[in-house]
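A.B. asks: To start, I am sharing the structure in question, which I have written as structure tokens.
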Amino acid sequence: MTVYSWESSTSRGLELELEGVVEPIPDSRRTVLAGGLLLSVAVVLTALNLRPAITSVGPLLGEMRGSLGASAVWAGILTTLPGLCFAGAGLAAPWLSRRFGIGAAIGLALAVLSTGLVLRVLDGPYVVLGGTLVATAGIALANVLVPVVIKDSFPARIGVMTGIYTAALQLGGALGSGVTPPIDDALGGWRPALASWALLGVIALAVWFFAARRRTEGEAVAAGPAGSGQSLLRNRLAWIVTLFFGFQAFLAYVVMGWMPEVLMDAGVSKTESGFLLGLVSVLAVPISLTIPALAARQGSQSLWIVGLGLFGFTGMVGLMVAPGYSPLLWSILVGIGMSVFSLALTVIALRARTGEDTARLSGMAQGIGYLLAALGPFLFGLLHDLTHGWTIPFAMVLGVFVLQMTFGALAGRRRYIS
């Protein structure tokens, strides 16, 4: 198995030992990243940018609607756009990485994200929607491409770097929802508060510029060798990984969209409900920093995936049967279960042999997976409206948990898409 590295800019015929096999890597197949610590910082800064554009909107949504005179339908579209955009733009990421190089593609993603964050505060409700569409397109591209960087630049530390990346994602999301209201108060309105997050994107772009210096002869092949060119839509393992990713995202979107409403309906206060949802996200940070590294060292990640799934399943049963009995316990269990996201990203990197295959698998899994995820909150709410209760919606969620664990167990087995 050959793993292509971007970390050396001078030596030709770089050799990388992996699993007892030493193979030369042609210089023309390498894109150079000023690797090590600087590249790690670039990955973390990029990850910190991939959630605040979304999570910063929620706390200010009421203020935005009042200022813009926007309807509830507009608010629903605004909160649905990210998932749909993740699906559409994510499918274009592998092509961009092949055409322009991985460094340029991620730089473009950060530039698009930062531009969208500024554009969406310049005018009325339709401009907000358009700017959000632009910003989330940048997020979608980076979502797909950063796992390729981790795969190719840190081949011996895939689990560790995936854990750090996922923890930074979760931290960025928590900062977006937690820090934006004080910024709103300090800057005097939702427009400068939302636009201020573009500064973080510019900082990440600057660091990425230095971390992703490219050699002229390596620019067109940033994602590694071209591979077989055969569509992954015909690949059974690729579909297994995609469904695993899609089902865990489906559940995460349901939790983010409906968990506070379920708790408040059971008598939990609005403030405590918001705190418990934040706890679900924060719990993922320490888990993401430890579990992927441990799981990646083993031949199979299946037991880890099923184990985390069982925690989440138990927490959901508690929310369905007795949500007001111990909401803190149920939230902790659900938070542990939602941490399987870090393993979903780890599996994408581990089930592909090369950077090119990682980009293709990441694009398929996240593109199709987020389409499936977008259905979660809608179906949960629809079932609640039809039944006037929470039992049937939670029964659906428990069924999806079983599917997640089943496909996760299959995706975690040691094999490759090609």
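A.B. asks: When region 294-315 is examined, which residues are found to be open to solvent by 10 Å² or more (accessible area, probe 1.4 Å) and assigned to a helix (DSSP H, G or I)?
C.D. replies: Matches in region 294-315: L294, A296, S302, L303, W304, V306, G307, L308, L310, F311, F313, T314.
A.B. asks: Which pairs turn up if I take residues in region 361-376 that are within 10 Å of F86 (Cα to Cα) and look for partners that are surrounded by fewer than 24 Cβ atoms within 10 Å (Cβ to Cβ) and modelled with pLDDT of 85 or more with beta carbon separation below 6 Å, at least 6 apart in sequence or on another chain?
C.D. replies: Sorted first by the residue in region 361-376, then by its partner, the list stays empty.
A.B. asks: Looking at this structure, is T387 of a type in the set (V, I, T), farther than 28 Å from L232 by Cα, in contact (Cβ under 8 Å) with a residue 60 or more places away in the chain and open to solvent by 50 Å² or more (accessible area, probe 1.4 Å)?
C.D. replies: Against the criterion (of a type in the set (V, I, T), farther than 28 Å from L232 by Cα, in contact (Cβ under 8 Å) with a residue 60 or more places away in the chain and open to solvent by 50 Å² or more (accessible area, probe 1.4 Å)), T387 does not qualify.
A.B. asks: So, one more: Could you please let me know if D152 is assigned to a helix (DSSP H, G or I), modelled with pLDDT under 85 and of a type in the set (D, E, K, R)?
C.D. replies: yes
A.B. asks: While we're looking at this one, here's another question. Please indicate, with yes or no, whether at least one residue in region 316-327 is among the aromatic types (F, W, Y) and either at pLDDT 90 or above or in a helix (DSSP H, G or I) (or both).
C.D. replies: For region 316-327, residues among the aromatic types (F, W, Y) and either at pLDDT 90 or above or in a helix (DSSP H, G or I) (or both): absent.
A.B. asks: In region 379-409, which residues are of a type in the set (F, W, Y) and within 29 Å of V347 (Cα to Cα)?
C.D. replies: Result: F380, F394, F401, F407.
A.B. asks: Looking only at region 346-371, count how many residues are within 14 Å of the chain's Cα centre (by Cα) and either open to solvent by 10 Å² or more (accessible area, probe 1.4 Å) or of a type in the set (S, T, Y) (or both).
C.D. replies: Looking only at that region, the number is 6.
A.B. asks: If you don't mind, there's one more thing I want to ask. Residue by residue through region 176-188, note down the ones that are touching a Ser or Thr at 6+ places or on another chain (Cβ under 8 Å) and not β-branched (V, I, T).
C.D. replies: G176, S177, L187
A.B. asks: Only residues that are of a type in the set (A, V, I, L, M, F, W, C) and crowded, with 17+ Cβ neighbours inside 10 Å: list them for region 101-117, please.
C.D. replies: I102, A104, A105, I106, L108, A109, L110, V112, L113, L117, listed by residue number.
A.B. asks: Within region 403-418, how many residues are touching a residue at least 12 places away in the same chain (Cβ under 8 Å) and in a helix (DSSP H, G or I)?
C.D. replies: 8
A.B. asks: Restricting region 258-269 to residues that are surrounded by fewer than 17 Cβ atoms within 10 Å (Cβ to Cβ), of a type outside the set (D, E) and on the phi < 0 side of the Ramachandran plot, which is modelled with the highest pLDDT?
C.D. replies: Ranking the candidates gives A266 first.
A.B. asks: Could you please find all residues in region 337-381 being farther than 12 Å from V241 by Cα, of a type in the set (D, E, K, R) and not in a helix (DSSP H, G or I)?
C.D. replies: R353
A.B. asks: So which of A167, A186 ends up being farther than 17 Å from A352 by Cα, open to solvent by less than 10 Å² (accessible area, probe 1.4 Å), assigned to a helix (DSSP H, G or I) and among the hydrophobic types (A, V, I, L, M, F, W, C)?
C.D. replies: Checking each option against the conditions leaves just A167.
A.B. asks: If you take the residues in region 118-145 that are open to solvent by 10 Å² or more (accessible area, probe 1.4 Å) and not in a helix (DSSP H, G or I), which one is nearest to L361 (Cα to Cα)?
C.D. replies: Here the answer is V121.
A.B. asks: Same structure again: Output the residue which, of all residues in region 49-73 that are open to solvent by less than 20 Å² (accessible area, probe 1.4 Å) and assigned to a helix (DSSP H, G or I), is farthest from A373 (Cα to Cα).
C.D. replies: The selected residue is M64.
A.B. asks: How many of the residues making up region 136-146 are touching a Ser or Thr at 6+ places or on another chain (Cβ under 7 Å) and at pLDDT 85 or above?
C.D. replies: Looking only at that region, the number is 3.
A.B. asks: Taking the options V127, V134, name whichever one is in contact with a helix residue (DSSP H, G or I) (Cβ under 6 Å, 6 or more places away or on another chain) and farther than 30 Å from F275 by Cβ.
C.D. replies: V134
The values are calculated or read from the model by the stated rules, or taken from the named source; none is laboratory data. Remember, predicted model here, so these are calculated numbers, not experimental data. Heads up, the Cβs are rebuilt from the backbone with ideal geometry, glycines too, and the neighbour counts pull from every protein chain shown. Surface areas here come from the heavy atoms of the whole protein model, side chains and all, with no ligands, DNA or RNA. Shrake-Rupley method; radii C 1.70, N 1.55, O 1.52, S 1.80 Å.
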